[in-house]
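This report concerns only the one structure given below.
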Amino acid sequence: MARKLIRVSRRMLFTWLMLAGLILLFAPQNLTNNFQFAFARLFRLPLAVGRNISLFTRSWQSRPGITNRRESEYENYIANLTEQLHSERQLVEKLTTLRNKFGLQGADLIPADVVTASIGGAHCELIIYCRREHGLAKGQFVLGDNSIIGTISDVSAPNAKVRLFTDPASKIPVRIGKLNIDRVMQGSGNNSAKVSLLSTKHNIKVGDHVLTCKKPGFLDTSLIIGTVARCKPDEQNPSLWDITVKPVCDIERLNSVTVIIMNPQE
Amino acid sequence: MRWLRFAVFILIVTVLQVSLLGIVAVTQLNIRPNLLLILLVFFAIYCNTTDAIITSFAIGFAADISIASVMGSHTISFGLLGTALAYLHRVIAIRKMPYQSLAIFVIGSLAGALAHLLALLKGQAAISNIYTVILGTALYSAIVGPVLFLPAAWWMRIKTHRFSRH
């Protein structure tokens, strides 16, 4: 049977593909994000395996001298690491009891696994796989190692995208230490965020805790989000502080996080 | 062009890019080679122009679903620059490793900058050190890229030693 070939000129092909790219670019982001969620959902297993290998290798690299040890020591190390991973999993379960400790009474805490993590580049975000999908919504706060790491920016249950507080698009109201003044913290991309518009008359020190402000419907209590890593007078306006905030947990190495749902609907 | 092989190859590389490349990341900025960028240059050099156009957009789409925050930015930038490189290759053959490295560096820098500008157009917030990340990624990719052309050529059954301009 003769095959009917559809001949398309290169110029036409390029035009059509460029048009498709432009449609993707200008289509609403909540629609186009579904491609990313579909990718994360389809390849969740290989992505998780690759991520675990990557994390293992990085922790292995950070321990000089281990290459000179015998094979049995490698096996012990792997066993210890596996146990560590297991205890991390248990931690997530334990987090469900946090509501009594941190003023999260009535809150629903959803454990979630980290599928992919983009940190340090143009955008800082995680794609997570939630073990329960009921009640997930945009704007909900996410806990990692008992500290706030960001907010949900998009949901395609059971997956969700977490915009980390270090992302340039992230703006979260915070207060520093014991100061009773709220200021907006904006991500600066390099695993850090900036707090501006705070007068130098206030005493701020490196190491001071930075806490999220309460946000009705999303967070009924203040929780730690980072610490002051650098504090210097602003170059353009020396009467204001230029404060750099770092996360209090190693976000890149998080395997699991917890989504806070303050007012769960039964 | 063996399109099924190409599809499988791109999927594998995309998963590797997202999950495993953290092992070789350097500096505080977490700079890592961009395998998809390397493949973009590979297919632009070793395929005929029509195939190069299709592969460029396909690789751009793969970059969008895996590493981009704004969908479409990499599809357009990779598609545009991959096509430009394929046409350039009809005039200037890029066969030696140093030239291939240079091509990866230039295309990586331009594609990264263009993707970032398109993301800004879509309303994404600006980031202070983005151009350091773009140049670092392009440089890292340029260093390792030509070496990875050999396994890519083996998988795609493309003869790299053949000299031709399509």
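Beta carbons closer than 7 Å, at least 6 apart along the sequence or on distinct chains, pair a first residue in the stretch B:78-100 that is farther than 21 Å from residue B:119 by Cβ and touching a residue at least 24 places away in the same chain (Cβ under 8 Å) with a second that is open to solvent by 10 Å² or more (accessible area, probe 1.4 Å) and charged (D, E, K, R) for B:89/B:165; B:90/B:165; B:93/B:165. What do you reckon, is residue B:141 surrounded by 24 or more Cβ atoms within 10 Å (Cβ to Cβ), touching a helix residue (DSSP H, G or I) at 6+ places or on another chain (Cβ under 7 Å), in contact (Cβ under 8 Å) with a residue 12 or more places away in the chain and within 13 Å of chain A (Cβ to nearest Cβ)? Against the criterion (surrounded by 24 or more Cβ atoms within 10 Å (Cβ to Cβ), touching a helix residue (DSSP H, G or I) at 6+ places or on another chain (Cβ under 7 Å), in contact (Cβ under 8 Å) with a residue 12 or more places away in the chain and within 13 Å of chain A (Cβ to nearest Cβ)), residue B:141 does not qualify. Regarding residue A:214, is this residue closer than 23 Å to residue A:138 by Cβ and basic (Lys, Arg)? Against the criterion (closer than 23 Å to residue A:138 by Cβ and basic (Lys, Arg)), residue A:214 qualifies. May I ask you to verify whether residue B:80 is in a helix (DSSP H, G or I), open to solvent by 50 Å² or more (accessible area, probe 1.4 Å) and at pLDDT 90 or above? Here the answer is yes, as residue B:80 does meet what is asked.
Within the stretch B:45-59, if we keep just the residues that are facing chain A (nearest Cβ under 7 Å) and open to solvent by less than 20 Å² (accessible area, probe 1.4 Å), the residue that is nearest to residue B:138 (Cα to Cα) turns out to be B:57.
Tell me, yes or no, whether the stretch B:65-74 has at least one residue that is open to solvent by 10 Å² or more (accessible area, probe 1.4 Å), touching a Leu at 6+ places or on another chain (Cβ under 7 Å) and facing another protein chain (nearest Cβ under 9 Å).
Step one: filter the stretch B:65-74 for residues open to solvent by 10 Å² or more (accessible area, probe 1.4 Å), giving B:65-67, B:69, B:74.
Next, from what is left, pick out any that are touching a Leu at 6+ places or on another chain (Cβ under 7 Å): none.
No.
Condition check: part of a helix (DSSP H, G or I) and either within 11 Å of chain A (Cβ to nearest Cβ) or open to solvent by less than 30 Å² (accessible area, probe 1.4 Å) (or both). Does residue B:42 satisfy that? First the steps, then the outcome.
On the way: part of a helix (DSSP H, G or I): yes; either within 11 Å of chain A (Cβ to nearest Cβ) or open to solvent by less than 30 Å² (accessible area, probe 1.4 Å) (or both): yes.
Yes; evaluated as a whole, the condition is true for this residue.
Residues in the stretch A:155-179 that are touching a residue at least 60 places away in the same chain (Cβ under 8 Å) and under 12 Å from the mean Cα position of the chain (by Cα): A:160, A:161, A:162, A:164, A:165, A:166.
Just checking, does the stretch A:158-169 include any residue being at negative phi, surrounded by fewer than 18 Cβ atoms within 10 Å (Cβ to Cβ) and out of contact with any Lys or Arg (no Cβ under 7 Å at 6 or more places or on another chain)?
Start the filter on the stretch A:158-169 by keeping residues that are at negative phi, which leaves A:158-169.
Then keep just the ones that are surrounded by fewer than 18 Cβ atoms within 10 Å (Cβ to Cβ); that gives none.
No.
So which of A:21, A:103 is at pLDDT 85 or above and not hydroxyl-bearing (Ser, Thr, Tyr)?
Details: A:103 fails: at pLDDT 85 or above.
Result of the check over A:21, A:103: A:21.
Total residues in the stretch A:144-165 satisfying the condition of being within 10 Å of another protein chain (Cβ to nearest Cβ) and either farther than 21 Å from residue A:39 by Cβ or in contact with a Leu (Cβ under 9 Å, 6 or more places away or on another chain) (or both): the figure is 2.
Go through the residues of the stretch A:59-69 one by one and say whether even a single one is modelled with pLDDT under 80, assigned to a helix (DSSP H, G or I) and closer than 30 Å to residue A:223 by Cα. Within the stretch A:59-69, one or more residues are modelled with pLDDT under 80, assigned to a helix (DSSP H, G or I) and closer than 30 Å to residue A:223 by Cα. Residues in the stretch B:91-107 that are assigned to a loop (DSSP other than H, G, I, E, B), of a type in the set (A, V, I, L, M) and open to solvent by 20 Å² or more (accessible area, probe 1.4 Å): B:92, B:93.
The residues of the stretch B:1-39 that are surrounded by fewer than 17 Cβ atoms within 10 Å (Cβ to Cβ) and among the small types (Gly, Ala, Ser) amount to a single one, B:7.
The values are calculated or read from the model by the stated rules, or taken from the named source; none is laboratory data. Every value quoted in this text rests on a predicted model; they were computed, and no experiment measured them. Neighbour counts are summed over all protein chains in view; Cβ atoms, including those assigned to glycine, are modelled from backbone coordinates with ideal geometry. Calculation scope for accessible area: heavy atoms of the full protein, side chains included, ligands and nucleic acids excluded. Shrake-Rupley method; radii C 1.70, N 1.55, O 1.52, S 1.80 Å.
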